[in-house]
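Novice: For reference, the structure I am asking about is given below.
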There are 2 protein chains.
Amino acid sequence: MPQLDFDIITLGHGGGGLLTNNLLDKAIFELFDNEKLQTRHDGAVLSFKNKVALSTDSFVISPIFFPGGNIGELAVNGTVNDVAMCGAQPKYISLALIIEEGLPVTELWDILVQVKATADKAGVLVVTGDTKVVESGKGDKIFINTTGIGEMHSKAEISTHNIKEGDKIIISGNVATHGIAIMSVRKGLEFETTIESDTCNLNHTIVELLDEFGTDIHLMRDPTRGGVASTFNEIARDIKMGINIHQSNIPIDSRVDSACEILGLDPLYVANEGIFIAFIEASKADDFVRKLNTLEYGSEAAIIGEVVNEHPAKVVLTSNIGGKRVVNMQVGEQLPRIC
Amino acid sequence: MPQLDFDIITLGHGGGGLLTNNLLDKAIFELFDNEKLQTRHDGAVLSFKNKVALSTDSFVISPIFFPGGNIGELAVNGTVNDVAMCGAQPKYISLALIIEEGLPVTELWDILVQVKATADKAGVLVVTGDTKVVESGKGDKIFINTTGIGEMHSKAEISTHNIKEGDKIIISGNVATHGIAIMSVRKGLEFETTIESDTCNLNHTIVELLDEFGTDIHLMRDPTRGGVASTFNEIARDIKMGINIHQSNIPIDSRVDSACEILGLDPLYVANEGIFIAFIEASKADDFVRKLNTLEYGSEAAIIGEVVNEHPAKVVLTSNIGGKRVVNMQVGEQLPRIC
């Protein structure tokens, strides 16, 4: 950690004066050192050969440090994955902090170091940013906004318009892990081993899939807030077709499954981080899963459903015992501030 | 205002489920309707012919409605202007909201309408976004992050590296207006007429200047937090040259000047919004000011200083009565949450 002249963040660190500059010089610019950031202008100048995808997310997760990650890691992965879901390879991100007065500088530093490490792993540069400080009681430790920009993969054609009857629906990994990891720590639940968030950057995996399957990938989406149930409902509504899901095929960690039972939660509504769903040309679905199984974060991937012409705009689940029920969109909020 | 089924924002509106979708469908997507947003994906796909500039800012201003503007207008103008300062014409922005539970929907709607109107005036499209809700007492009504992206002007070469001895320093309008407008309302000060924030979009003005003066514009910067004093200090430090400023040339509204005296504030440290400073090739400075005087928001523009080889990295002010003093960077915070 750099030698800073202060132990906690004060309102002055958001004032644009000497304290802001000290914080930026000694912590942020040094840590994120790169040519684009070095210009120290209000923005970064970038160039792209292809179309780009732009995505933004604010992260307000509580607690800011949790099993398997922290808000800094989540803020990079969340946006990197959203850009990847568009069929683009993320290249640059912005980093905007809203810090509550009183945050220990050590915590800020830990978060920034994780932002940097996660950005490095995803292969993105932090090229511009902003720091604001709000009074104690007007925020909650730290909120982070990241906006990501990436170049479209030349073979990507990701759109709900490409989805058609018979498309297979694939999930890349276990559901509900992130939500239960956060809930466990908030509710003080203990398991034999700690359930850790699966937050990760999916962009390298996505590129390999796009390289091989190109336009046979009709849609990708990361089912974060509202869980897979809400994401499938959004898609079913948009495509005006039906979605069938088979519960027995949905991968879930057995400890997460038990935790859901104890807490009375349906894992389909629990928030996810490190997974994505894909709608794939039926004839390529098995190959897609086989490939995904060999890639980072894809070992649990499975076909879990298909697109049908029946029950338009509705999601129907076949349960483990063979019963069928409509899965609706989440109505309220199971667990606030999950990301 | 659209017919919504709720009067206040609840945690459920940030949950990614039905309430979030209701809010998005009935308010946000309808208001900001455009082809890029219609895809309803997690990001927007954009294409550019030239290099682009990317800039981000979070807005945490309090109060969220103030004389001359509101947080929605500010959030668009602030980012649009940062992109313009890079020498780019802003085209797209993202809009990420962090709402405190309990915000009346009417207030949210008023803000969103202002975002839309301001974006229209600046000629930018809102193409992607995010909505989070935090518990009451963990935020302050609403925080807004906008990230803007724009295409570089073909004649723009904006960089501190281009600044040289003799460059004239121009300011586009009255200093300290925004800060005093906010402070007046917070401190309950009353003047014969209300002092209003000068928040505005400078991008159309900047394009006209770049069209005519191109590479003779060495640097542009909007001196927001920390005031012109802090911005000049940052630049002096970066260029390792001296900056001379002549107080008598700095334009200021007489009511703002009086308010600064009453409040014991130095207007050089008060935050600005609707103005910018420019470092211009000396031989073109008079023409630049004359042109700026004919443009929107430029009627008060004036030459206020120059770059010198003496006192490197320092800003020296010649006062109204001819005395000279070093102007340092703002140390703490005069007025938190000014933007």
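Novice: When residue B:279 is evaluated against the numbered criteria (1) farther than 22 Å from residue B:212 by Cα; (2) within 14 Å of chain A (Cβ to nearest Cβ), which criterion, by number, is the only one it fails?
Specialist: (1)
Novice: Yes or no: residue A:314 within 15 Å of residue A:229 (Cα to Cα), in the same structural domain as residue A:217 (by TED's automatic domain parsing) and touching a residue at least 24 places away in the same chain (Cβ under 8 Å)?
Specialist: yes
Novice: Which of the residues spanning the range A:286-339 are acidic (Asp, Glu) and within 14 Å of chain B (Cβ to nearest Cβ)?
Specialist: A:333
Novice: Now a separate question. Taking the stated definitions as given, is residue B:305 closer than 29 Å to residue B:216 by Cα and among the small types (Gly, Ala, Ser)?
Specialist: Considered against the rule, which asks whether it is closer than 29 Å to residue B:216 by Cα and among the small types (Gly, Ala, Ser), residue B:305 comes out as yes.
Novice: Okay, next question. Just wondering, is there one or more residues in the range B:90-102 that are within 30 Å of residue A:39 (Cβ to Cβ), aliphatic (A, V, I, L, M) and either within 16 Å of the chain's Cα centre (by Cα) or not assigned by TED's automatic domain parsing to the domain that holds residue B:16 (or both)?
Specialist: Taking every residue of the range B:90-102 in turn, at least one turns out to be within 30 Å of residue A:39 (Cβ to Cβ), aliphatic (A, V, I, L, M) and either within 16 Å of the chain's Cα centre (by Cα) or not assigned by TED's automatic domain parsing to the domain that holds residue B:16 (or both).
Novice: Among the numbered criteria (1) more than 22 Å from residue A:301 (Cα to Cα); (2) outside the structural domain of residue A:100 (by TED's automatic domain parsing); (3) at pLDDT 95 or above, which single criterion is violated by residue A:184?
Specialist: Only one criterion in (1) more than 22 Å from residue A:301 (Cα to Cα); (2) outside the structural domain of residue A:100 (by TED's automatic domain parsing); (3) at pLDDT 95 or above is unmet by residue A:184, namely (3).
Novice: While we're looking at this one, here's another question. Among A:212, A:190, A:165, A:196, which is the only one that is at pLDDT below 95 and acidic (Asp, Glu)?
Specialist: A:190
Novice: Just to be sure, is residue A:73 charged (D, E, K, R) and within 23 Å of residue A:184 (Cβ to Cβ)?
Specialist: Criteria met by residue A:73.
Novice: Residues A:37, A:4: which one is aliphatic (A, V, I, L, M), surrounded by fewer than 21 Cβ atoms within 10 Å (Cβ to Cβ), touching a helix residue (DSSP H, G or I) at 6+ places or on another chain (Cβ under 8 Å) and closer than 30 Å to residue B:89 by Cα?
Specialist: A:37 is the lone residue from the list that is aliphatic (A, V, I, L, M), surrounded by fewer than 21 Cβ atoms within 10 Å (Cβ to Cβ), touching a helix residue (DSSP H, G or I) at 6+ places or on another chain (Cβ under 8 Å) and closer than 30 Å to residue B:89 by Cα.
Novice: Related question: Pairs only if they're at least six apart or on different chains, beta carbon under 8 angstrom, first in the range A:213-226 and away from chain B (no Cβ under 14 Å), second modelled with pLDDT of 95 or more and part of a helix (DSSP H, G or I); list them, first residue then second.
Specialist: Listed by first residue and then by second, the contacts come to A:213/A:284; A:213/A:287; A:213/A:288; A:213/A:291; A:215/A:162; A:216/A:284; A:216/A:288.
Novice: Follow-up question, since we're still on this one. Consider only pairs whose beta carbons are under 7 Å apart and that are at least six residues apart or on different chains; among these, list those whose first residue lies in the range B:116-136 and is in the same structural domain as residue B:200 (by TED's automatic domain parsing) and whose second residue is among the aliphatic types (A, V, I, L, M).
Specialist: From residues that are in the same structural domain as residue B:200 (by TED's automatic domain parsing), there are no pairs.
Novice: Does any residue of the range A:43-59 turn out to be acidic (Asp, Glu), under 24 Å from the mean Cα position of the chain (by Cα) and at the interface with chain B (Cβ under 8 Å from one of its Cβ atoms)?
Specialist: Yes, the range A:43-59 contains a residue that is acidic (Asp, Glu), under 24 Å from the mean Cα position of the chain (by Cα) and at the interface with chain B (Cβ under 8 Å from one of its Cβ atoms).
Novice: Taking the conditions exactly as written (more than 9 Å from chain B (Cβ to nearest Cβ) and either assigned to a loop (DSSP other than H, G, I, E, B) or among the aliphatic types (A, V, I, L, M) (or both)), does residue A:198 satisfy them or not?
Specialist: Judged against the criteria, residue A:198 is a match.
Novice: What are the residues in the range B:91-118 that are closer than 14 Å to residue B:24 by Cα and of a type in the set (Phe, Trp, Tyr), if any?
Specialist: Correct list: B:109 only.
Novice: Right, next: Out of the range A:42-78, which residues are more than 22 Å from residue B:92 (Cβ to Cβ) and hydroxyl-bearing (Ser, Thr, Tyr)?
Specialist: If the condition is that a residue be more than 22 Å from residue B:92 (Cβ to Cβ) and hydroxyl-bearing (Ser, Thr, Tyr), then A:62 is the only one that fits.
Novice: Collect the residues in the range B:20-40 that are within 12 Å of chain A (Cβ to nearest Cβ) and touching a residue at least 60 places away in the same chain (Cβ under 8 Å), keeping them in residue-number order.
Specialist: B:20, B:24, B:36, B:37
Novice: A further question on this structure: So is residue B:337 crowded, with 21+ Cβ neighbours inside 10 Å, touching a residue at least 60 places away in the same chain (Cβ under 8 Å) and of a type in the set (Lys, Arg) or not?
Specialist: So residue B:337 passes the test.
Novice: So for the range B:65-75 (the condition being within 28 Å of residue A:84 (Cβ to Cβ) and in contact (Cβ under 8 Å) with a residue 12 or more places away in the chain), does at least one residue qualify?
Specialist: For the range B:65-75, residues within 28 Å of residue A:84 (Cβ to Cβ) and in contact (Cβ under 8 Å) with a residue 12 or more places away in the chain: present.
Novice: Outside the structural domain of residue B:69 (by TED's automatic domain parsing) and either over 17 Å from residue B:189 (Cβ atoms) or not β-branched (Val, Ile, Thr) (or both): which single residue out of B:250, B:262 fits that description?
Specialist: B:250
Novice: Still on this structure, I have one more. Given the conditions (1) surrounded by fewer than 24 Cβ atoms within 10 Å (Cβ to Cβ); (2) not in a loop (DSSP other than H, G, I, E, B), and given that residue A:192 satisfies all but one, which numbered condition is not satisfied?
Specialist: Of (1) surrounded by fewer than 24 Cβ atoms within 10 Å (Cβ to Cβ); (2) not in a loop (DSSP other than H, G, I, E, B), only one is false for residue A:192: (2).
Novice: Of the conditions (1) more than 23 Å from residue A:65 (Cβ to Cβ); (2) assigned to a strand (DSSP E or B); (3) of a type in the set (A, V, I, L, M); (4) within 14 Å of another protein chain (Cβ to nearest Cβ), residue A:170 fails just one. Which one is it?
Specialist: It fails just one condition, (4).
Novice: A follow-up question, please. In the range A:9-19, what residues are open to solvent by 10 Å² or more (accessible area, probe 1.4 Å) and either more than 7 Å from chain B (Cβ to nearest Cβ) or touching a Cys at 6+ places or on another chain (Cβ under 6 Å) (or both)?
Specialist: Across the range A:9-19, the qualifying residue is only A:10.
Novice: Same structure again: For residue B:39, are the conditions met, namely being within 30 Å of residue A:154 (Cα to Cα) and modelled with pLDDT of 95 or more?
Specialist: In short, no.
The values are calculated or read from the model by the stated rules, or taken from the named source; none is laboratory data. Computed from a predicted structure; not experimentally measured. Every residue, glycine as well, gets a Cβ built from its backbone with ideal geometry; the counts of neighbours run over all protein chains shown. Each accessible area value is taken on the protein alone, full model and side chains, heavy atoms only, with ligands, DNA and RNA left out. Shrake-Rupley method; radii C 1.70, N 1.55, O 1.52, S 1.80 Å.
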